[in-house]
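Undergrad: I'd like to ask some things about the structure below.
The values are calculated or read from the model by the stated rules, or taken from the named source; none is laboratory data. Everything quoted here is computed from the prediction, not taken from an experiment. A quick note on method: Cβ atoms are made from the backbone with ideal geometry, for glycine too, and the neighbour counts reach across all protein chains shown. Areas reflect the complete protein model, heavy atoms only, side chains present, ligands, DNA and RNA absent. Shrake-Rupley method; radii C 1.70, N 1.55, O 1.52, S 1.80 Å.
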Amino acid sequence: MDITTRPTLQQFLADTKQGPYVSLYLSWPDNTPVEKLRIRFKNMMKHVKAVMGETYPKTDFAPYAAELEPYEQDPMFWQTCETNGIGVLTNGTQTYVTPMYETVDDVAMVTELPQILPLMLDEATATDFDILALNADSIKLYHNHGHQVRSVSLPDDAPQTLTGTLGTEIRGGELNSVPQGGGHVTYHGHNDKSAEKASDQRRFYQAVDQYLLVHYSNPNKMPLVLMGLAENVAVFREISKNHHLLPKLAVMKSPATLDFVELDDLLAPIRETLRDRRRQRFAETIEKARSNGSYTEELTTIVTAALRGQLAMLFVQAGARIHARLDGERIERDSKVAQHANLLNTLADIVIGHGGQVVVLPEEQLPAKVGAMMRYA
C-alpha cells in the first residue's frame, strides 16, 4: 500500500464534506522497528475510537476502522517509508495519506473538520530546490524536498558529460599539432592546451545551463544550488543565464566521491537558510499589512472574515491550539466536542476552502496564536 494515495488533499477537502474526521499523525524516527510503529498506530486507533464514542456517540466507528486497519496490518507500508512520519485523514468513506518530511508531533484527534495544520507546518518548513553537482567534465542533478534529497535521472539527450556534449568539437584534449610546410610541425604548448580545456569546460557548462533553464528551472520555478569545487562553481556562475540560480548559496565540495549521507549533511545549512528567508518574507508581509490596516489578531474579527471569504492569509503559530468550535459565527468552548477541537484548524480549513493561504510560523515570529491579513484594507 503506497504511502501517498489519491485523492489529493485539495480533492479530499472538496469532496469530503461530511464529518466527523479522524486525523492521525505519527512520527517516524530513524531505525524504529516496524512492529513498534504498527503498535503505536494501533493504539492511536483505539484512542480515536474512544474519543469518537465520547464526542460523537451516534457515529459508528466501524467505517473508520475499515479505512485505517489496512494500513496498520500491511507490514510493507511501514517498511518502505523513508520520510519522518505520516499523516492520515479519513471521514470513514475517503482517506488521505501523505508522507511528512519534517519531524511531526504525534496527533490522534476526532473533530468536525480534518486537522490540516500539521500539513501546513510540514509545507512551511519543507524546502524545495535543485542541486547541480559540477565536475570539470560531468554533472549530476539532484532534488531536495524537506529533509530528503534524491538523484534526478536526466534523459539521454541532456548534456551530462563534456565529451558526450561536445563530441568532435573538443579542443583541449590531446596535444595539438599544426603543419608549417616543408615537413615542419609546430606543437601547441601547455598554456595553449590549458586555455582550450578551459574553453571546452565553458562551452559544456553553457550547454548544461541552457538545458536546465529550459527543461527544469523555468517549468518548475525551482531554485538552483550549485555544488562543486570553488573553481568550477565560479566558472558556472560566470556563464549562467539562469535567474533561478541562487547567487550566494553553494556547497563548495567536490561531488565526485560524495554519498547521499554526506550530501544530506552538506545541504542542512542551505535548507535552514532558505527557511529563514521564507519566514522573513512572511514577517515583512505582516508588517506591511499592519501599516496599511489590513492585519488583525482579534479572534472574533478573524472568524467573521474567514467565514465571509475575506481573508487573504491566515497566520497560525506553530503548535498553538484554541479549544473551541464554531456554532455558526459564534465561538463555542464548553461542549465535549469543543474541548477536543482546535479552532485554529477550523479556521485553516475555512480559509483554504475560500482560496486563501495558510502560513504556519514559529512563536518567535508570531507571538500571537493567530493573525490574519484581509483581502482589502
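Undergrad: Need one number: nm distance between label points at Gln79 and Thr285, each 7 Å from Cα along Cα→Cβ, rounded to one decimal.
TA: 4.3
Undergrad: With point charges of +1 on the Cβ of Lys and Arg and -1 on the Cβ of Asp and Glu, referenced to the Cα centre of the chain, which listed residue (Thr103, Gly355, Val261) lies farthest in the positive direction of the dipole?
TA: The residue sitting most towards the positive pole is Gly355.
Undergrad: Helix 230-239 sits at what angle to the longest principal axis of the chain, using alpha carbons and giving 0 to 90 degrees rounded to 10?
TA: The two axes meet at around 90 degrees.
Undergrad: Suppose accessible area is computed on protein heavy atoms with a 1.4 Å probe; arrange Tyr56, Tyr376, Tyr21 from highest to lowest.
TA: Tyr376, Tyr56, Tyr21
Undergrad: Could I ask something else about it? Take every DSSP beta bridge whose two residues both sit in the chain, then give the antiparallel share in percent to the nearest 5.
TA: 75
Undergrad: Ok, one more. Could you give the longest part of the chain that holds none of the GluC sites (Glu not before Pro) found in DSSP loops with at most 12 neighbouring Cβ atoms within 10 Å?
TA: Value returned for the longest uninterrupted segment is 175-328.
Undergrad: To the nearest 10 square angstrom, how much accessible area does Asp157 have with a 1.4 angstrom probe?
TA: Roll a 1.4 Å probe over it and Asp157 shows about 110 Å².
Undergrad: Same structure, new question: For the range 116-133, in order, what is each residue's ³J(HN,Hα) by Karplus, 6.51 cos²θ - 1.76 cosθ + 1.60 with θ = phi - 60°, in whole Hz (x at glycine and Pro)?
TA: These are the phi-based 3J(HN,Hα) values: 9, 4, x, 5, 5, 5, 4, 5, 5, 9, 6, 10, 10, 7, 9, 10, 9, 8 Hz.
Undergrad: Given an 8 Å cut-off on Cα distances and at least 6 residues of separation, report the relative contact order of the range 188-315 as a percent.
TA: This gives 17 percent for the range 188-315.
Undergrad: How do Phe260, Phe204 rank by accessible surface area computed with a 1.4 Å probe, from largest to smallest?
TA: Result, largest first: Phe260, Phe204.
Undergrad: Could you please report the charge total around Leu121, scoring K, R as +1 and D, E as -1 over all other residues with beta-carbon less than 11 angstrom from its beta-carbon?
TA: Counting the neighbours of Leu121, the net charge comes to -4.
Undergrad: Please work out how much length the chain gains when fully extended from Lys36 to Gln206, using 0.36 nm per residue of separation minus the C-alpha to C-alpha distance, in nm with one decimal.
TA: 56.1 nm
Undergrad: Please say if the range 234-354 is rounded, prolate or oblate, where rounded means a/c under 1.5 for a ≥ b ≥ c the square roots of the C-alpha gyration tensor eigenvalues, and otherwise the choice is prolate for a/b larger than b/c and oblate otherwise?
TA: prolate
Undergrad: Gain in length, His145 to Glu54, computed as 0.36 nm per residue apart minus the alpha-carbon separation, to one decimal in nm? All intermediate terms of the calculation are to be shown ahead of the outcome.
TA: On the way: separation 91, 0.36 × 91 = 32.76 nm, distance 3.94 nm.
So the extension gain works out to 28.8 nm.
Undergrad: Over what distance in Å are the Cα centres of the range 248-287 and the range 306-377 separated?
TA: A separation of 30 Å, based on Cα centres.
Undergrad: Still on this structure, please answer the following. On average, how much accessible surface per residue is there in the chain, in Å², for a 1.4 Å probe, leaving out ligands, DNA and RNA?
TA: 51
Undergrad: Be a star and scan the range 206-223 for residues whose amide nitrogen sits under 19 Å from the point 7 Å along the Cα-to-Cβ vector of Thr161.
TA: Only 206-209 pass the distance filter.
Undergrad: Moving on. How much accessible surface does Phe77 have with a 1.4 Å probe, in Å² rounded to 10?
TA: 0
Undergrad: Could you tell me whether the chain comes out rounded, prolate or oblate from its Cα gyration tensor? Rule is a ≥ b ≥ c as square roots of the eigenvalues, rounded for a/c under 1.5, then prolate if a/b exceeds b/c, otherwise oblate.
TA: In terms of gyration-tensor shape, prolate.
Undergrad: Would you work out what percent of the accessible area of the chain, with all protein chains in place, is carbon or sulfur (probe 1.4 Å)? Mind dumping the intermediate values first?
TA: Numbers: 9600 of 19220 Å².
It is 50 percent, rounded to a whole number.
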